[in-house]
Every structure is written in C-alpha cells, then in structure tokens.
Amino acid sequence: MIVVIGAGPAGLMAAIQAAKSGKEVVLIEQNGKIGKKLFITGKGRCNITNNVSPREFIENVVSNPKFLTSAIYSFPPSETIKFFLELGLPVKEERGMRVFPNSDKSSDVISAFNKAIERYNVQLKLNERFEHFVFDGDRVVEVRTSKATYLVTSVIFATGGMSYPATGSDGYGYKIAKRLGHTIIELKPALCPLIVSEVFNANNEGIPISILPLPEGLSLKNVSLTVAYASGKPIYEGFGEGLFTSNGMSGPLILTASSKVNREKINNLFITIDLKPTLTLEQLDARILRDFAGIKNKSFKNALDALLPRSLINLIIKLSLINPEKEVNSITKTERLILLRLLKGLKLKLQSLANVESAVVTAGGISTKEIDPKTMKSRIISNLYFAGEILDVDALTGGFNIQIAFSTGYVAGNAAE
Ligand SMILES: Cc1cc2nc3c(=O)[nH]c(=O)nc-3n(C[C@H](O)[C@H](O)[C@H](O)COP(=O)(O)OP(=O)(O)OC[C@H]3O[C@@H](n4cnc5c(N)ncnc54)[C@H](O)[C@@H]3O)c2cc1C
C-alpha cells in the first residue's frame, strides 16, 4: 500500500497518478476536506498552471530550476490542461498564459479532484493527522496517524510549506523531514509584501513612515520599480503594478521582487519607483511646464492633479519641501528639478519581508540535493518520496507554483511502488 500524506495539489496528483496504475493508495488529510489552500488560490479562481513550454516554465522558477527540469518535462502545463479536460473541467487561458477553470471557481478544481479520487479508487481519509513513521532499517514500514496504523510499501509526503497555516500547511512537515536526516534550507517568505521603514525627501533624508504615512490602498499602474543596495546595481527591476499598504508595499511587482531579494540583507535595500517611466526627464519637464502654463495662479498643492492621483500628490508635495501654497508661476527651475527627481525616483528604505504566514509561498525547504529529481525519492529513506512546496523550490506568480506541485506529485506517484 502507498500512503500519501497531505491532500493539496501535490498529494492529490501523486495519489491519483499512483492509483491510475492500479496501486492501492491511501490519501491522508488532516482537514475535513481536500485542497483547503487550493480553494483560496488565484483570489478564489485558482490559477492552475501557466501554458508555456517547459523551457519557458523553468525560466520562471526562482529556486532550483535545474532540479525541476525533469519533473516539468514529464508532466508539463499542457498535461495539466489535459488532466482537467479529461475530468470534465473546461479551462481558459488569460493574459500572461495563466490558466483558470472556465467557471472562475476554485471549487470546480476541487470537485474535479474529488471525481478523480472516486474514479481511481483512492482511499481518502479526512480529519486524520499524520503523526509518525515506524522504520525497518532505512525503510518506512508503518505510517501512524491520529486514527490508524497503515502498513506501507512506500510513502509520498506532501504536507506543503508554512504560509497561510490556517489552510493546514503549518510547517510540521519540515520538522519531520529534519528528524529523518534531511537538510532544511532556510525558510523564507516568497511572493510576499515588503515592509518599508522610511521614505526619502528632496534632501535625501529618510522620513519614518510613522511620521509621513504612505498612501495606503493606492495602486500604481505602469511604473518601473527597482530594488537595490545603496550603491550597488539593482537586484530586481520590473515594470507593472505596485500597491501601497499601511506599512509598505505589495502588488504584482513587489511580490515578484520579494522572491528575488528574500535572501539579501533586506534592511540594507532600497526601492526606487519611477512614476513616469515612459517619459524622459526632459519630456516630463516639458509636460509639467505645459500643465503649469495653464494654471499659473494656482498654488503648488493644487497643481499636480493632471499628473498624479490625489493621495500621492500630498506625499510628493511634502517630500519636495516646496511651499505648497506657492503659486505655480513662481516655482523655480531648481524646484521643478526637485519635483522631477521625485517623480522619476521615489525612494523608500526597506525594513523586512512580510512574515511567512502571509506569504503566498515558502522559499527554502528540503534540500533538493537529497532528492532524486526523476522520481522525487529521498536519497536518505529508501521508500519515501516528497512532492510540492515542502521541497526547496519556488517560482513566480502565474500558476507556476501549483504546476510545480502537480509535476512533482505526478513523478512521485508514478515512481512509488
Ligand atoms: C493566497 C494564496 C494564493 C495562491 N494562489 C496561487 C495561484 O493562483 N497559482 C499558483 O500556482 N499558486 C498559488 N498559490 C501557491 C499554491 O497554493 C501552493 O504553492 C500549493 O498549494 C502547494 O501545494 P502543496 O500540495 O505542496 O501544499 P498545500 O497546498 O499546502 O497542501 C498541503 C496539505 O497537507 C496537509 N497536511 C499538512 N500536515 C499534515 C499532517 N501532519 N497530516 C495530514 N495532513 C497534513 C495540509 O492540511 C494541506 O492540505 C497561492 C498560495 C496562497 C497562500
């Protein structure tokens, strides 16, 4: 009998794949239902995969892309789409090749899995928590849970990471793997908001955001953003959307940036935002001069409406150190230059990553050096396999992380005997 522990996307795919070839499979899940995290993915729409080629897929993997190559080629995004179509779940592709169920409901993805569990006779055990293994030499012979003991030929361990612990992925799996002799690469939040300590004014003085609050809730579209050390070249550069939060920034650009910088000294890093990246300094100056010419007698604080959202104007005016009551016709060239510099380089000092519980995924985990990439088999325990986020793998947003769970689950399910 094969016991699969954890009914997230990795464990579900592993159990179904193993059962498809007629093996006896028990799937153990501590929650009262399968796929509790899947249910909240993609804002409830579940971005199941990204319909790119395996080669392009690998380019979107942040940690250990080489390790994943074999699994992604064995079960690529096109196979995920086929898998769901065969279960009667039509899917659609959106911007950036992101694939969702046609219905936009993650519950339909979960229903498809429930259908497959029944179709292939996977014995699903809900409300049952894995507790420990019994060994004979380097083989697991028994799996003990809160309710039963199972005699096993092999085990697939897919208990997830430690983000959003209320979904069941509470980090327990890492402790078990460590106890078994596996190395756990330091766990870090990935795809997470960033916490900011200061915002810089025209004199390059850092003002704590407790004194000068950020415009919480304001979304910045079509901006360029870089994350860098004070003197170094950028660690991350991107173009797209960012969002101010009460204590920092979030949004697609920041989530991606967090995965690229999470192993750096965060509180030595700075975010710089170009609010007008499509205009050169000269073009932006000409634009401002044009705007100002039409409103000569207005005060500076009322002169930026055409250029910026209201909540950002307040911040920029304070940072510029220009008298907000000054009439536009008396703004000097030097003052305009100060304004231009802020618009093309709003600078924030980073304090930390958001905590791992609020991260979309956990970076770090079981060292991939100790896992056979073709089968996901442990190199330490001879009949134990790992799949999904518990491994030291993570990728960018766009359906890549669920696909990693599917691909690693698939190869483990295929290989386990
Ligand atoms: C808010 C949010 C949105 C996301 N959106 C997307 C998206 O749209 N697309 C995408 O690709 N990725 C997305 N992700 C990431 C994706 O959900 C995860 O990478 C993926 O779920 C990992 O799958 P997994 O099977 O490894 O682990 P999990 O999905 O975490 O499943 C692990 C399971 O193991 C069970 N378990 C743990 N310990 C035990 C135990 N001792 N006994 C029994 N059972 C146990 C847990 O209860 C859980 O059900 C999102 C994540 C979050 C938090």
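The values are calculated or read from the model by the stated rules, or taken from the named source; none is laboratory data. Just so it is clear, the structure is predicted and the values come from calculations on it, not from any experiment. A quick note on method: Cβ atoms are made from the backbone with ideal geometry, for glycine too, and the neighbour counts reach across all protein chains shown. Calculation scope for accessible area: heavy atoms of the full protein, side chains included, ligands and nucleic acids excluded. Shrake-Rupley method; radii C 1.70, N 1.55, O 1.52, S 1.80 Å.
Here region 13-33 is the region considered, the condition is being outside any strand (DSSP E or B) and within 7 Å of the ligand (Cβ to nearest atom), and the residue that is surrounded by the most Cβ atoms within 10 Å (Cβ to Cβ) is GLU29.
In the set ALA257, ALA202, ALA190, only one residue is surrounded by 15 or more Cβ atoms within 10 Å (Cβ to Cβ) and touching a Phe, Trp or Tyr at 6+ places or on another chain (Cβ under 8 Å); that residue is ALA257. For region 392-415, the criterion of being more than 30 Å from ALA158 (Cβ to Cβ) and assigned to a helix (DSSP H, G or I) is met by none of the residues.
Quick check on my filter: what residues within region 359-397 are more than 24 Å from ILE195 (Cβ to Cβ) and near the ligand (Cβ under 10 Å from one of its atoms)? Those that are more than 24 Å from ILE195 (Cβ to Cβ) and near the ligand (Cβ under 10 Å from one of its atoms): PHE386, ALA387, GLY388, ILE390, LEU391, VAL393. Residues of region 310-365 being more than 24 Å from the chain's Cα centre (by Cα) and part of a loop (DSSP other than H, G, I, E, B), which ones? Within region 310-365, LEU321, ILE322, ASN323, PRO324, GLU325, LYS326, ILE331, THR332, GLY345 qualify. Identification of strands (runs of 3 or more DSSP E) wholly contained in region 90-194 with 3 or more residues that are within 15 Å of the ligand (Cβ to nearest atom) and farther than 16 Å from GLY8 by Cα yields 91-94, 98-101, 130-136, 139-145, 184-190. SER382 meets each of the listed conditions (1) open to solvent by 10 Å² or more (accessible area, probe 1.4 Å); (2) at pLDDT 95 or above apart from (2). Scanning region 40-61 finds no residues that are more than 10 Å from the ligand (Cβ to nearest atom), surrounded by fewer than 21 Cβ atoms within 10 Å (Cβ to Cβ) and on the phi > 0 side of the Ramachandran plot. Scanning region 195-225 for residues that are outside any loop (DSSP other than H, G, I, E, B) and touching a residue at least 12 places away in the same chain (Cβ under 8 Å) yields a count of 15. Might you check whether a residue that is in contact with a Ser or Thr (Cβ under 6 Å, 6 or more places away or on another chain) and either within 22 Å of ALA416 (Cα to Cα) or among the small types (Gly, Ala, Ser) (or both) occurs anywhere in region 149-159? Within region 149-159, not a single residue is in contact with a Ser or Thr (Cβ under 6 Å, 6 or more places away or on another chain) and either within 22 Å of ALA416 (Cα to Cα) or among the small types (Gly, Ala, Ser) (or both). Restricting the first member to region 137-152 and to residues that are more than 17 Å from ARG179 (Cβ to Cβ), and the second to residues that are polar (S, T, N, Q) and at pLDDT 95 or above, the beta-carbon pairs closer than 9 Å and six or more apart or on different chains are SER146/GLN30; SER146/ASN127; LYS147/ASN127; VAL152/ASN383. Filtered by the rule that a residue be among the hydrophobic types (A, V, I, L, M, F, W, C) and more than 8 Å from the ligand (Cβ to nearest atom), region 398-413 gives PHE406, VAL411, ALA412.
Tell me whether region 226-241 contains one or more residues that are surrounded by 16 or more Cβ atoms within 10 Å (Cβ to Cβ) and hydroxyl-bearing (Ser, Thr, Tyr). Yes: one or more hits.
The number of residues in region 366-379 being buried (at least 24 other Cβ atoms within 10 Å of the Cβ) and either in a loop (DSSP other than H, G, I, E, B) or at pLDDT below 95 (or both) comes to 1.
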